[in-house]
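Here's the structure we're looking at; comments come further down.
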Amino acid sequence: PPSTVVAGFLKFLQLLSGHDWAREPLIVDPQNHISPHDRGLIHAQFNSVRGPELRYGPAMYIVSPADYDGVEGMVGSKVVGDSTGSTFQQQTAMAANNAAEKIWSPTVTAKFPEKVVLSRASALAKCSHNHLTTCIRSGKVGNNGWVAAFQESSTSLTSYSALLRVDPSYITDSGCSSTNADCSIPGAARSNNQDNGVEELSCGPFEKSLQKRYAGPKELRKKHYKNLVLEKDTLHEWQPVSALVKDLRSKYKDYAVFFYNEFAPDIIGMVWRPDAFKPQPFSAVVSEFKRPAMEYWKEDNLVITNTDDVMAEIGYCSKNIVSNIKVFDDRKPDDAPLEKHPKKSRQEDDVSESSDSDEE
């Protein structure tokens, strides 16, 4: 096990970025509860679910002893039984025949994260691991040091398909922001926070964050005397940005994936799904956000997703909370262009016309 918290965090980032999630399951068994025979069954079940094209099953396939159906009295697998004399190919075939039972299958990561989220998380983990390793070797501190691993730069924000900037009045604690967080410790003197109207003593970032969250959004604070606290005037558990993201994910989950920092949701990032903009056959039932494929079409795939309609609907749903929307990727159809027949030359047309006149 790692000897320090930093070493453990670096090992976690290395595992998240370096593990081949498409081709290998991740077996978490620190106490050696899973026998070698059952490990073979887990791999057989994984190969059966993932398929030859590596496209199916949970994106993050993590299995632990708790994911076994008979965990209370685990004496071996119920799928194959005794492993003596059986090869890995035989185990794979038998696991495929008993795939409906799902004896060894992920539970926590069965549906989440999605492939788009996992690929982005792996890329960010790799960048963070390299950055933190460099900071440890060089001794960097401050905003350009370890803090930068937990923040988004202006360059990294362009990797999103679109950005929805939340109105600043809805941001309670800017110290947890992913873009401009302040992790510094103030001096010993008493300071007055003008942004949130909270008088605070010298404290660390965590205590400062708790003070701001206790006060709540400035626009929602009731105007009363300092020595008078009315519990009935306090509005609890009102989180408009979280409710907006939940609504966007519910309505447009087939088209895009939405990311946000729940502690300081100043920006909502959106990434288009790769399969959402492929040409499809026309159907009146699923004609919402569709338009005719004017330039590109193939067989009976006559409609594509209209990005302008999707963005217009997202803007309308978030008009009371989002102040600005910036689009980086205006996704267009990616199907093969229509085959064009070569034009006949003018000389060939003249020859064909003369032959027709001779026949008459």
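Take the alpha carbon atoms of the stretch 115-164, find their radius of gyration, then divide it by 2.2 N^0.38 Å using N residues; give the quotient. Write down the numbers at each step before the final one.
On the way: Rg = 12.4 Å, N = 50, 2.2 N^0.38 = 9.7 Å.
So the stretch 115-164 has a normalised radius of gyration of 1.27.
Given Cα positions, please report Rg to Rh for the stretch 251-332, the hydrodynamic radius being the Kirkwood one. Working shown, then result.
Working: Rg = 14.5 Å, Rh = 14.2 Å.
When Rh is taken as the Kirkwood radius, the ratio is 1.02.
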Rounded to the nearest 0.05, FRET efficiency between Tyr214 and Ala312 (Cβ-Cβ, R0 35 Å) equals 0.35
FRET efficiency for Glu53 and Asn320 from the Cβ-Cβ distance with R0 = 35 Å, rounded to 0.05, comes out at 0.20
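Read-outs throughout are calculated quantities, based only on the coordinates presented, and are distinct from any laboratory measurement. This one's a predicted model, so the numbers in the text were calculated from it and none came from an experiment. Because the Cβ atoms are built from the backbone with ideal geometry, glycine has one as well, and the counts that use them run over all protein chains shown.
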